[in-house]
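See structure below.
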Amino acid sequence: MLSITGASGRLGSQVVDALLGHKLISPKALVLCTSSDPNASRWDAIKQKGVNVRAADFDDTPSMIRAFTGCDKLLLISTPRIQLDFHNAPYGEGREKHHFAAIEAAREAGVSHIYYTSLAFGSNSKAGVMVAHSRTEDYLRNSSGIGFTIIREGLYNESWPLYFGHYKVPDDDRTEVPIAADGLISWTPIEDMGLGTALVVTDDPKKYSGRMFYLSSTASCRIRDVAKTVTEAKGHPVHLEIVGKDGHVKYYVNERGMDEGLVKWWASTYDAVLDGECDIKDDTLEKLIAGRGMKNETIEEKVRMMLS
């Protein structure tokens, strides 16, 4: 059996859709973990297909043990509680705190293999967003007695507003958008990642055991290219202004009123982008989904759709 944390999130829901839509797993062999009420009506439709829904909360280890019991595989989708990472969270207090707890709960429940969804940045990354992921990756590598696979999931197309100056879709009226730096990013359709991940977790664990790889598009473009598409979609010029990290923080905290912890944490992302960390050349995803009928939505198409 396969259990999935974060099953109703953006990536998790795409993985579940791919698992069931492509008939990669029997619904009865699938356990969806939720921190909400598993008996709520929102789960009725998927339960009717035979899928198991169990309560599991990162802050409640016994609940995770109960949810994972009877499963030999766990897809550990990283927690979305990014505020845990703010202000340079010390080791074990960032988002990795939840991941460590889930890993130990899986061990206690008898899970034999964990697939962890990391993020498509480089190793020894300069990005604050990767700190918790890197700590979790290392924790898995040093955890004896349990198999693991580290999947660095691509930067999905829908996330472009984050990199494009925390752009407010669809009604941001700025004509000048300040950001710390520009660089190449391999934007990836989340539907593709969902299918690729589903194919990995339903394959023989030995094939991917102990490995780290990317599930990302290999096509990349710069943030300034996104600005061109935004300009076309909005019908008026929208320029990108490179202001450096200090200028970025000052503008978004003082001029836009954003949380300082969030802005400083995110600003380091541009150091990684500038260094080419997000220009991915691993073609694992493209090989996995070849011939599966995916539409391969481009970043330009996604920008236009979100701004329409």
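The values are calculated or read from the model by the stated rules, or taken from the named source; none is laboratory data. Please read these numbers as outputs of a predicted model, since none were measured by experiment. Note that each Cβ is placed from the backbone with ideal geometry, even for glycine, and that neighbours are counted across all protein chains shown.
Name the residue, out of Ser216, Ser220, that is among the polar types (S, T, N, Q), farther than 27 Å from Arg174 by Cα, modelled with pLDDT of 95 or more and in contact with a Ser or Thr (Cβ under 9 Å, 6 or more places away or on another chain).
Being among the polar types (S, T, N, Q), farther than 27 Å from Arg174 by Cα, modelled with pLDDT of 95 or more and in contact with a Ser or Thr (Cβ under 9 Å, 6 or more places away or on another chain) holds for just one of Ser216, Ser220, which is Ser216.
What number of residues within segment 33-86 are part of a loop (DSSP other than H, G, I, E, B), surrounded by fewer than 19 Cβ atoms within 10 Å (Cβ to Cβ) and over 21 Å from the mean Cα position of the chain (by Cα)?
Of the residues in segment 33-86, 10 are part of a loop (DSSP other than H, G, I, E, B), surrounded by fewer than 19 Cβ atoms within 10 Å (Cβ to Cβ) and over 21 Å from the mean Cα position of the chain (by Cα).
One line per residue, one yes/no per condition, for (1) under 25 Å from Ile185 (Cβ atoms); (2) in contact with a Pro (Cβ under 8 Å, 6 or more places away or on another chain):
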{"site": "Asp57", "(1), (2)": "no, no"}
{"site": "Met64", "(1), (2)": "no, no"}
{"site": "Thr69", "(1), (2)": "no, no"}
{"site": "Leu74", "(1), (2)": "no, no"}
{"site": "Ile82", "(1), (2)": "yes, no"}
{"site": "Asn88", "(1), (2)": "yes, no"}
{"site": "Ser112", "(1), (2)": "no, yes"}
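Being modelled with pLDDT under 95, charged (D, E, K, R) and either more than 20 Å from the chain's Cα centre (by Cα) or not in a helix (DSSP H, G or I) (or both): is that true of Asp171 here?
yes
Would you confirm whether any residue within segment 245-257 is closer than 30 Å to Val200 by Cα and among the polar types (S, T, N, Q)?
No - not one qualifying residue is present in segment 245-257.
Tell me the residue from Ala198, Ala233, Ala227 that is assigned to a helix (DSSP H, G or I), crowded, with 16+ Cβ neighbours inside 10 Å, within 18 Å of the chain's Cα centre (by Cα) and at pLDDT 95 or above, please.
The unique qualifying residue is Ala198.
For Leu19, state whether it is assigned to a strand (DSSP E or B), buried (at least 23 other Cβ atoms within 10 Å of the Cβ), touching a residue at least 24 places away in the same chain (Cβ under 8 Å) and not hydroxyl-bearing (Ser, Thr, Tyr).
no
Just checking, which of Gly247, Gly261 is under 25 Å from Asn124 (Cβ atoms) and in a helix (DSSP H, G or I)?
On inspection, the qualifying residue turns out to be Gly261.
Within 25 Å of Pro189 (Cα to Cα), among the β-branched types (Val, Ile, Thr), in contact (Cβ under 8 Å) with a residue 12 or more places away in the chain and surrounded by fewer than 21 Cβ atoms within 10 Å (Cβ to Cβ): is that true of Ile4 in this structure?
Against the criterion (within 25 Å of Pro189 (Cα to Cα), among the β-branched types (Val, Ile, Thr), in contact (Cβ under 8 Å) with a residue 12 or more places away in the chain and surrounded by fewer than 21 Cβ atoms within 10 Å (Cβ to Cβ)), Ile4 does not qualify.
Does Cys221 count as more than 23 Å from Gly147 (Cβ to Cβ) and in contact with a Gly (Cβ under 8 Å, 6 or more places away or on another chain)?
no
Quick one: would you say Glu137 is modelled with pLDDT of 95 or more and either in a loop (DSSP other than H, G, I, E, B) or over 25 Å from Leu199 (Cα atoms) (or both)?
So Glu137 fails the test.
Do you know which of the residues in segment 22-32 that are of a type in the set (A, V, I, L, M, F, W, C) and not in a loop (DSSP other than H, G, I, E, B) is farthest from Lys73 (Cα to Cα)?
Per the criteria, the residue is Leu32.
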